[in-house]
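The values are calculated or read from the model by the stated rules, or taken from the named source; none is laboratory data. Quick caveat, the model's predicted, so the values are computed rather than measured. Cβ: placed from backbone, ideal geometry, glycine included. Neighbour counts: every protein chain shown. Ligands, DNA and RNA are stripped out before the accessible areas are found, and what is left, the full protein with its side chains, is counted by its heavy atoms. Shrake-Rupley method; radii C 1.70, N 1.55, O 1.52, S 1.80 Å.
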Amino acid sequence: MVREEHARELIRTVRAVGGALAPVLVVPIGEKFYLVDGHHRIIAYRSMEWIRSVPVEYFEGSLYEAKLEALNRNVKSQLPLSTSEKSEAAWELVRDNKLAVRVISKQTSISERTVKSMRKAVKTLGAEAASEITWAEARRRDWKSDEDYDPDAAKREKAERVAAAILRNTGVSIRRDPRILADALEIIDSNIPNWMILNWSDRVKPLMDKYPDDFPEPLDI
């Protein structure tokens, strides 16, 4: 998934420093080279019609190992993967069927429950059919039985999509001032704060005891 704003930021960086960015990662397979990390950098170079050489790092290992290395680099980078991107990365690892659920969960920060759901999807759809679609597409298909459906997991996944949408449109700065987010939610629906208090009652009560001045009105929770 290409993020245009990130590509534009890379173009500004190249122009500011007057030189190339960090090397892109490629892996040689036969007589061809496959780009596994640095897609935004390549887009930036092409957009600005870069005519100088592009730094390249060659990965010694299989294409699968190179994908894992690229995933690790993205997870550790200053441009963290979005929830949907992490899900797609987990989906690809599940389809490869080479790593345990726990390892995939740790590599991608996707819950083990979701990874298990992905495995069930691959089993039901078939490996060949699953290889041709994304996780987002697989989730829209009616492959789950009533026994497999987990309402808590479904709610969590929906919450993750909403969170990703909020971050896409507001940026990480919203984390620095959560009161703005709280005010925005109240503008959407004045009942949302009440539902949030009820949903987090186990967190609110200790805060009421610690900061009584911030809760002038008794809350019936």
Considering the stretch 130-144, residues that are surrounded by fewer than 13 Cβ atoms within 10 Å (Cβ to Cβ) and at pLDDT 75 or above, and then whichever is farthest from K98 (Cα to Cα), we arrive at R140
Looking across the stretch 118-127 at residues that are within 12 Å of W91 (Cβ to Cβ) and open to solvent by 20 Å² or more (accessible area, probe 1.4 Å), the single one that is modelled with the lowest pLDDT is L125
Out of R156, R113, which single residue is under 20 Å from the mean Cα position of the chain (by Cα), part of a helix (DSSP H, G or I), at pLDDT below 85 and surrounded by 11 or more Cβ atoms within 10 Å (Cβ to Cβ)? R156
Sole exception among (1) of a type in the set (D, E); (2) modelled with pLDDT of 75 or more; (3) within 24 Å of S87 (Cβ to Cβ) for E147, by number: (2)
Wholly within the stretch 1-97, which strands (runs of 3 or more DSSP E) include no fewer than the required count, namely at least 2 residues that are at pLDDT 85 or above and open to solvent by 40 Å² or more (accessible area, probe 1.4 Å)? 32-37, 56-58
Can you tell me how many residues in the stretch 187-212 are open to solvent by 60 Å² or more (accessible area, probe 1.4 Å), in a helix (DSSP H, G or I) and farther than 30 Å from E85 by Cβ? 9
